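Chemist: I have a structure here, written as C-alpha cells, and I will follow up with some questions on it.
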Ligand SMILES: C[S@@+](CC[C@H](N)C(=O)[O-])C[C@H]1O[C@@H](n2cnc3c(N)ncnc32)[C@H](O)[C@@H]1O
C-alpha cells in the first residue's frame, strides 16, 4: 500500500534529475518551474522539518540552505542512496508516508514535493491524521504535487496527453492517485487543518495546511 511504485523509482533514480530539469519532453510541463516550486515550499517552513519522498534530495538541499534541521523519509533504496551521499549530515530514513519511525515526537513543519499522489485518497486521510499528531497547533504541512481542479479537468488532462502521444504521462495520470483540490481540502479539513492552495504550473499546486485542532491518529495499514 502506497509502496507499489518503488521499482519505478529505483530504476529512475540515476536519471531523475535530468527529467526534472527538462530532459524528458513528456514531463516538461509537470516540472515547469521545478526549482521555484521547491524553494517556495522550503521558505514556508520553520524549525525542525520532516520531509517525505526525499528523492535525490533537491528539496532537502534547499531546506538545509535555509538553516532548517531536516529529517528525511524515503522508501526507494536507490533514491535514498543518492540523497544520503549528497547530504551526509541529514538523517534519511527508510519509510513512507504511512510507515515511519522518528527519533523525536514532534516536528515544526512537514513537507513533500511530487510524492503525495502515491497514496490513495483513503491513505491520504490516514497520513493527514498522523501529520496532525506530529505538529503543535499552528504547525504546517506544506506540499506541492499534481492536483486537478475537478474530475473533469483530470480526464481532460489524460485525453490531452494521449492525443499528444505523451503515453507515459497519460498512463501515469490515469494509474497513480492524483486527486482534486476539493477532495484534498476535505482530507485535510477532516484531519484538523485549515488549508490554502496556490497553483504553480499547469499540473502542480502547492498547499499549506495549518493545524487548527487536534485529532487522534488512526492505525496505518500494514506495508504491502
Ligand atoms: C517524483 S519523486 C519526487 C522526489 C522529490 N521530492 C522531488 O520533488 O523531486 C517521488 C518520490 O516519492 C517516493 N515515494 C514513492 N512512494 C512513496 C510513499 N508511499 N511514501 C513516501 N514516498 C514515496 C519515491 O521513491 C520518490 O523518491
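Chemist: Taking residue 88, is it more than 20 Å from residue 197 (Cα to Cα), assigned to a loop (DSSP other than H, G, I, E, B) and out of contact with any strand residue (DSSP E or B) (no Cβ under 6 Å at 6 or more places or on another chain)?
Modeler: When the stated conditions are applied, residue 88 passes them.
Chemist: Continuing with this model, one more query. Count, please, the residues in the stretch 12-24 that happen to be surrounded by fewer than 16 Cβ atoms within 10 Å (Cβ to Cβ) and either free of Cβ contacts under 8 Å to residues at least 24 places away in the same chain or touching a strand residue (DSSP E or B) at 6+ places or on another chain (Cβ under 7 Å) (or both).
Modeler: Number of matching residues: 5.
Chemist: Does the stretch 154-172 include one or more residues that are within 28 Å of residue 46 (Cα to Cα), touching a residue at least 40 places away in the same chain (Cβ under 8 Å) and crowded, with 20+ Cβ neighbours inside 10 Å?
Modeler: no
Chemist: Could you list, in sequence order, the residues of the stretch 57-72 that are surrounded by fewer than 23 Cβ atoms within 10 Å (Cβ to Cβ) and either under 18 Å from residue 5 (Cα atoms) or within 13 Å of the ligand (Cβ to nearest atom) (or both)?
Modeler: Listed by number, the residues that qualify are 58, 61, 62.
Chemist: Being within 12 Å of the ligand (Cβ to nearest atom), on the phi < 0 side of the Ramachandran plot, touching a residue at least 60 places away in the same chain (Cβ under 8 Å) and buried (at least 19 other Cβ atoms within 10 Å of the Cβ) narrows it down to one of 111, 54, 107, so name that one.
Modeler: 111
Chemist: Keeping to the stretch 141-153, report how many residues are crowded, with 18+ Cβ neighbours inside 10 Å and either part of a loop (DSSP other than H, G, I, E, B) or more than 14 Å from the chain's Cα centre (by Cα) (or both).
Modeler: Number satisfying all stated conditions: 2.
The numbers here are math on the coordinates, done by the rules we state, and not lab data. Computed from a predicted model, the values in this text were never measured in an experiment. FYI the Cβ positions are ideal-geometry reconstructions off the backbone, even for glycines, and counts take in every protein chain you see.
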